[in-house]
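Contents: one structure, followed by commentary.
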Amino acid sequence: MAVDGLAVAVRHGESAPARASEPFALVGGQADPDLAPEGRDHAERVGVRLAGERIEAIYVTTLRRTVQTAAPLAAKLDITPVVEPDLREINLGEWEGGLFRKHTTDGHPIADRLWREQRWDVIPGAESDEAFGARLRAAITRIAAAHPDSRVAVFTHGGVIGEILAQASRAVERFAFLGADNGSISHIVVHDGRWMVRRYNDTAHLAKPLG
């Protein structure tokens, strides 16, 4: 992130589908699937799109789908990504390991309550919304201080992007920006401690032929 600069937030590419017979491995209590083949295509397209964007630094999370999505851009720019643990996805408690996808698809009553109340912590054992928002603000503040007047690419997760843009826009509804597409690009500007939304869910590069 940058002071007087542009932050490029990229949602990781599409990840492997959840299967009840093969639950995802957990890292720090959170599901850690690989990218699906479609996700690797997303990663290549993001790399091509951002290669000319004067990116000074690349940040990823502790979860490998962000590392894999950042890899093509990192190779093109010869930048070693920095791991920022506080930009990891919301911890979904008892619904980690692929259960969130299953329960939301199946219309679980708690999933209905989640969308109605727009709070992640209605899920048993999930990270509180306040703690989630606070750690993201802390992470962005640290990154902004480390890269004044610069452009930084942050490869992260859908829930993270939703929360960052909700804070930046001061949205009344917490989930107003939830649902960024895999491989999409969003922008915020950080200036004097203020966050401003420049762009959300840009997917133009996903529709163009590679090459």
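The values are calculated or read from the model by the stated rules, or taken from the named source; none is laboratory data. These figures come from a predicted structure and were not determined experimentally. All Cβ positions, even for glycine, are placed from backbone atoms using ideal geometry, and neighbour counts span all protein chains on display. The protein model used for the area step is the full one, side chains on, heavy atoms only, and it has no ligands, DNA or RNA in it. Shrake-Rupley method; radii C 1.70, N 1.55, O 1.52, S 1.80 Å.
Take the residues of the stretch 89-114 that are among the small types (Gly, Ala, Ser) and either on the phi > 0 side of the Ramachandran plot or touching a residue at least 60 places away in the same chain (Cβ under 8 Å) (or both): which is surrounded by the fewest Cβ atoms within 10 Å (Cβ to Cβ)? Going through the qualifying residues, I end up with 107. Name the single residue, out of those in the stretch 122-139 being assigned to a helix (DSSP H, G or I), touching a Leu at 6+ places or on another chain (Cβ under 9 Å) and touching a residue at least 24 places away in the same chain (Cβ under 8 Å), that is farthest from residue 100 (Cα to Cα). Only one residue fits best here, namely 139.
Can you find a residue in the stretch 52-67 that is within 17 Å of residue 203 (Cα to Cα) and either open to solvent by 50 Å² or more (accessible area, probe 1.4 Å) or more than 15 Å from the chain's Cα centre (by Cα) (or both)? Yes, there is a match, as at least one residue in the stretch 52-67 is within 17 Å of residue 203 (Cα to Cα) and either open to solvent by 50 Å² or more (accessible area, probe 1.4 Å) or more than 15 Å from the chain's Cα centre (by Cα) (or both).
The test for being at pLDDT below 95 and surrounded by 16 or more Cβ atoms within 10 Å (Cβ to Cβ) does not hold for residue 70.
Only strands (runs of 3 or more DSSP E) whose full extent lies in the stretch 140-211 are considered here, and the ones with at least 1 residues that are open to solvent by 70 Å² or more (accessible area, probe 1.4 Å) are 194-202. Taking the criterion of being assigned to a loop (DSSP other than H, G, I, E, B), crowded, with 16+ Cβ neighbours inside 10 Å and touching a residue at least 60 places away in the same chain (Cβ under 8 Å), the only residue of the stretch 20-32 that qualifies is 24. Taking the stretch 121-151 as the range and being in contact with a strand residue (DSSP E or B) (Cβ under 9 Å, 6 or more places away or on another chain) and on the phi > 0 side of the Ramachandran plot as the test, only 149 passes.
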